[in-house]
Amino acid sequence: MITSPKTRPILFLILLLLANLLLLSVQARDETGQVLLRSWGVVVRTPFGGAIHFLKSLFMNSLDSYVLLVGTERENQGLRAENEQLKLETQRLRALVGAALRTRDFDRIYERHQLETIAATITQRSAPFLATSFQVNAGRAHGVVSNAAVIRPEGIVGRVQALTPWSSEIQPITQPQAGAGAMLSESRTHGLVRGQGGELVRLDYIPISVPVEIGEMIYTSGTDKIYPKGLPIGKVVSVTEGNLVHQHILVRPSVNLSRIEEVLLVTTPVPGSAPQSAEEKRLAVSENGTRP
């Protein structure tokens, strides 16, 4: 920049004054003996230093907080996963305990009736639950045969109406096409229980001359060659005159079919029942991998 001749003396004067102030500040001291220039430098630098220190502290604190949050989030994720795993394990243990409680009387079946059975779990139901069939996880490979009786310690459930190697389809006793030979516990009169598609079954062919009491137990008679003799069917809940010959009797099954989860499939042949056909024997042999 080129200055004009008029401004040069003024500029020179300003520079001279600044140089003089600088020399004076170097020589001048305050009451403590410190050089004023140094004190002024400290005064000038202090705000900048404070600001820099503040920004540095803010950055470090933010960084520490972020690292802490990341670590905490990871720890929380691990704890959540562990908690979910514990919940699943608790549910599994509860299911095992529940199954053990529900099946604790299964071993008494043999003691009571000398029946060989296979325990199975209901895996699928067809709605409406009482009127149609359900499936269990035991089949031909486990020794189950067609028309095998399906029972529980409380009483009969139904029969096997279809088979696969690893599952069976069960026809409940309440289904309209289902039936079982039955007898009254007091008079030992024989009749036939038929399903009606609801909660109750009907006991047919009991003469009007036979006394029947509300609450009387009905048992299997064994005459149908499916259900062994002496298994509970249910209790009488209604008795009316059906016609001039037979009574109209309704029975509530001993087994609540809408709530059961496990059943027993009878493998002991019922006296007089049809033996396995040659085809059934061949399938059982091939599926079990054994030879007769």
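The values are calculated or read from the model by the stated rules, or taken from the named source; none is laboratory data. Nothing here was measured: the structure is a model prediction, and the numbers come from that model. With ideal geometry, Cβ positions are generated from the backbone for all residues, glycine too; neighbour counts draw on all protein chains shown. All accessible areas refer to the heavy atoms of the entire protein, side chains included, with ligands and DNA or RNA removed. Shrake-Rupley method; radii C 1.70, N 1.55, O 1.52, S 1.80 Å.
I need the phi-derived Karplus couplings for region 175-186: 6.51 cos²θ - 1.76 cosθ + 1.60, θ = phi - 60°, integer Hz, Gly and Pro marked x.
Calculated HN-Hα couplings, in order: 5, x, 7, 8, x, 7, x, 9, 8, 6, 6, 7 Hz.
Among P211, L265, L200, which residue has its Cα furthest toward the positive end of the charge dipole of region 172-274, with +1 on Lys/Arg Cβ and -1 on Asp/Glu Cβ?
Toward the positive end, the furthest listed residue is L265.
Taking θ as phi - 60°, what are the ³J(HN,Hα) couplings along region 235-241 by the Karplus curve (6.51, -1.76, 1.60), each to the nearest whole Hz, with x for Gly and Pro?
Using θ = phi - 60°, the values come out as 10, 5, 10, 7, 9, 9, 7 Hz.
Using a 7 Å offset from the Cα along the Cα-to-Cβ direction at both L192 and T72, what is the distance between the two label points in nm, to one decimal?
Calculated label separation equals 7.7 nm.
Measure off 7 Å from each Cα along the Cα-to-Cβ vector at N243 and E154, then give the distance between these two points in nanometres to one decimal.
My value for the distance between the label points is 3.4 nm.
Can you compute the charge dipole magnitude of region 182-233 about its Cα centre, using +1 on each Lys and Arg Cβ and -1 on each Asp and Glu Cβ, nothing else charged? Give it in debye, rounded to the nearest 20.
For this selection, approximately 220 debye.
Please calculate the 1.4 Å probe accessible area of E84, with all protein chains present, and give it to the nearest 10 Å².
Ignoring ligands and nucleic acids, E84 comes out at about 100 Å².
Can you report the principal axis dimensions of region 183-253 using only the alpha carbons, biggest first, rounded to whole angstrom?
If we take the Cα atoms of region 183-253, the spans are 31, 26, 19 Å.
Checking the a/c ratio against 1.5 first, then a/b against b/c, what shape does the Cα gyration tensor give for region 131-263?
Since a/c reaches 1.5 and a/b is larger than b/c, the shape of region 131-263 is classed as prolate.
R0 = 30 Å: FRET efficiency of Q177 with S209, Cβ-based, nearest 0.05?
It comes to 0.50.
Given labels modelled 7 Å from the Cα in the Cβ direction, how far is it in nm from S126 to T267?
2.7
Efficiency by 1/(1 + (r/R0)^6): what FRET value for S57 and L11, r their Cβ-Cβ distance, R0 = 35 Å, to the nearest 0.05?
It comes out at approximately 0.20.
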